[in-house]
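Trainee: A single structure is presented below for examination.
Please treat every number below as a calculation from the coordinates, not as lab data. Model, not experiment: these values are computed from the prediction. Here the Cβ is made from the backbone with ideal geometry for all residues, glycine too, and neighbour counts use every protein chain on show.
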Amino acid sequence: MELGQLRALRELGERGSIAAVAAALHVTPSSVSQQLSALQRGVAVPLTFKDGRRTALTDAGRALALAAVEVEVALERAEQAVAQFQSEPQGVVAVTAFHSAALAFFGPLLTRLNAPGQPGVTLSDFDVAQESFPALTQDHDLVIAHRWTGSPPWPGSVRVEPLLFEPLDLVIRKNHRLAAKVSIAPEDLREEAWVAVHQGFPLENAIEQIAGIGGAEARIAHRINEFFVAAAVVAASDCVALMPRYTTDMHHHPELSLRPISRLGPGRHIDCLARPETLERSNVETVLAQLRAITSRLTSPSPSS
């Protein structure tokens, strides 16, 4: 049984004719007849009979029409529950992010939501390949993901809410020979030893591109994926590395400086991914608005910049 079929039967019992049902439901009489015929095929007893030129309900038809009322009531309650859920400003929103974004966003997000009437959040972090981020929207409401410059766009199955474009800067010791430069040219890095990521990760391509423009193959001294570990290695050596400009907290390494790479501008897009229907919820929109506010604070120049 389908809802449209039950609705046609109920309306027939209340309105008395197929023509009246068709007018009430804004369909053709033929469509009403087809709905009733389809319903009858699934029931072992007659539901209607001919009363002169009119079609009337049998006792079984009236019983089923009465049950259809309860179906309509249940459906209306379900629709109201969904509408209330969508408009509810509170409730829990599941947010996940890659590691450096989690460090930059999660603390401020919890602080901003620590007030009456704000939604709750459950937080998690995932270090996955770029193409695996969209699948995380199956189990999380909002997924903070990164996509490197020049890589394929996100698939159309997810809604993309851009947060920021984050440049990659060179991180060096403050007493490094290049520290006096406002920006670093690829040619300046020909003789430098790099702290790079493991092979196959996108950041490696940026280092190779810099080395190619500089006219020499990159000399890789260490391979470390975690930015904070890489920063500690740079701080203890004369190596250089690439670091995200906004989501890397350099306060833990006051002996290090970030310098932009001239004529190249490598970077990554940081986006919030979600299923389209998820963004219809009021509490999800509230959390997304807070993420945008945190983004503005991250990208605003500090007094010491």
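Trainee: Tell me, Ser300, Ser282 in order of fewest to most beta-carbon neighbours within 10 Å? Each step should come with its number before you reach the end.
Mentor: On the way: Ser300 9, Ser282 14.
Going from least to most buried by this count: Ser300, Ser282.
Trainee: Excluding Ala68 itself, what net charge comes from residues whose Cβ is under 10 Å from its Cβ, given Lys and Arg +1 and Asp and Glu -1?
Mentor: On the way: positive: Arg7, Arg10; negative: Glu11, Glu70, Glu72.
My count for the surroundings of Ala68 gives -1.
Trainee: Separate question: Where a ≥ b ≥ c are the square roots of the eigenvalues of the C-alpha gyration tensor, would you call the stretch 3-87 rounded, which needs a/c under 1.5, or, failing that, prolate if a/b is larger than b/c, or oblate?
Mentor: Working: a/c = 2.45, a/b = 1.77, b/c = 1.38.
Taking the square roots of the gyration eigenvalues as a ≥ b ≥ c, the stretch 3-87 is prolate.
Trainee: Here is a follow-up. Sort 266-274, 135-143 for me by packing, meaning the mean count of neighbouring Cβ atoms within 10 Å per residue, highest on top. The partial results should precede the final answer.
Mentor: Numbers: 266-274: 22.0, 135-143: 18.7.
Per-residue mean Cβ counts within 10 Å order the peptides as 266-274, 135-143.
Trainee: Taking neighbour Cβ counts within 10 Å as the exposure measure, how do Ile294, Ile210 sort from fewest upward? Let's see the in-between values first.
Mentor: On the way: Ile294 19, Ile210 26.
Going from sparsest to densest Cβ surroundings: Ile294, Ile210.
Trainee: At q = 0.13, 0.17, 0.19 Å⁻¹, what base-10 log of I(q)/I(0) does the Debye formula yield for the stretch 1-152 when every alpha carbon is treated as an equal point scatterer in vacuo?
Mentor: Cα-only, vacuum Debye calculation for the stretch 1-152: -0.70, -0.92, -1.10.
Trainee: Follow-up question, since we're still on this one. Phe201 to Ala129: extension gain in nm, 0.36 nm per residue of separation minus the Cα-Cα distance?
Mentor: Numbers: separation 72, 0.36 × 72 = 25.92 nm, distance 0.81 nm.
Taking 0.36 nm per residue and subtracting the Cα distance, the gain is 25.1 nm.
Trainee: For Asp59 and Arg297 in one chain, what is 0.36 nm times their gap in residues minus the Cα-Cα distance, to one decimal in nm?
Mentor: Numbers: separation 238, 0.36 × 238 = 85.68 nm, distance 6.93 nm.
Length difference between fully extended and current span is 78.8 nm.
Trainee: With Cβ to Cβ distances under 11 Å as the rule, what net charge do the other residues near Leu47 carry (K, R +1; D, E -1)? List each step's numbers first, then the result.
Mentor: Details: positive: Arg41, Arg62; negative: Asp59.
Surrounding charge for Leu47 is +1.
Trainee: Fewest Cβ neighbours within 10 Å first, please rank Glu131, Glu161, Glu166 accordingly. List each step's numbers first, then the result.
Mentor: On the way: Glu131 12, Glu161 15, Glu166 22.
Fewest-to-most Cβ neighbours within 10 Å comes out as Glu131, Glu161, Glu166.
Trainee: Can you compute the helix-only [θ] at 222 nm over the chain? Use -39500 (n - 2.57) per DSSP H run of at least 4 residues, normalise by all residues, nearest 500 deg cm²/dmol. Working shown, then result.
Mentor: Values: 8 runs with 117 residues, N = 305.
Mean residue ellipticity, 222 nm, calculated: -12500 deg cm²/dmol.
Trainee: A further question on this structure: Over the chain, what per residue volume does the convex hull of the Cα atoms give, in whole Å³?
Mentor: On the way: hull volume 56.4 nm³, N = 305.
Normalising the Cα hull of the chain by residue number yields 185 Å³.
Trainee: Need one number: nm distance between label points at Thr122 and Val92, each 7 Å from Cα along Cα→Cβ, rounded to one decimal.
Mentor: Result: 0.4 nm between the two label points.
Trainee: R0 = 51 Å: FRET efficiency of Ser282 with Val229, Cβ-based, nearest 0.05? Walk me through the numbers on the way to the answer.
Mentor: Values: r = 40 Å, r/R0 = 0.78.
Plugging the Cβ-Cβ distance into 1/(1 + (r/R0)^6) gives 0.80.
Trainee: What is the dipole size for the stretch 92-300, taken about its Cα centre, with +1 at each Lys and Arg Cβ and -1 at each Asp and Glu Cβ, in debye to the nearest 20?
Mentor: Numbers: 18 positive and 23 negative charges, 109 e Å.
The dipole of the stretch 92-300 has a size of about 520 debye.
Trainee: Using alpha carbons only, how many degrees (0 to 90, rounded to 10) separate the axis of helix 3-15 from the longest principal axis of the chain?
Mentor: 40
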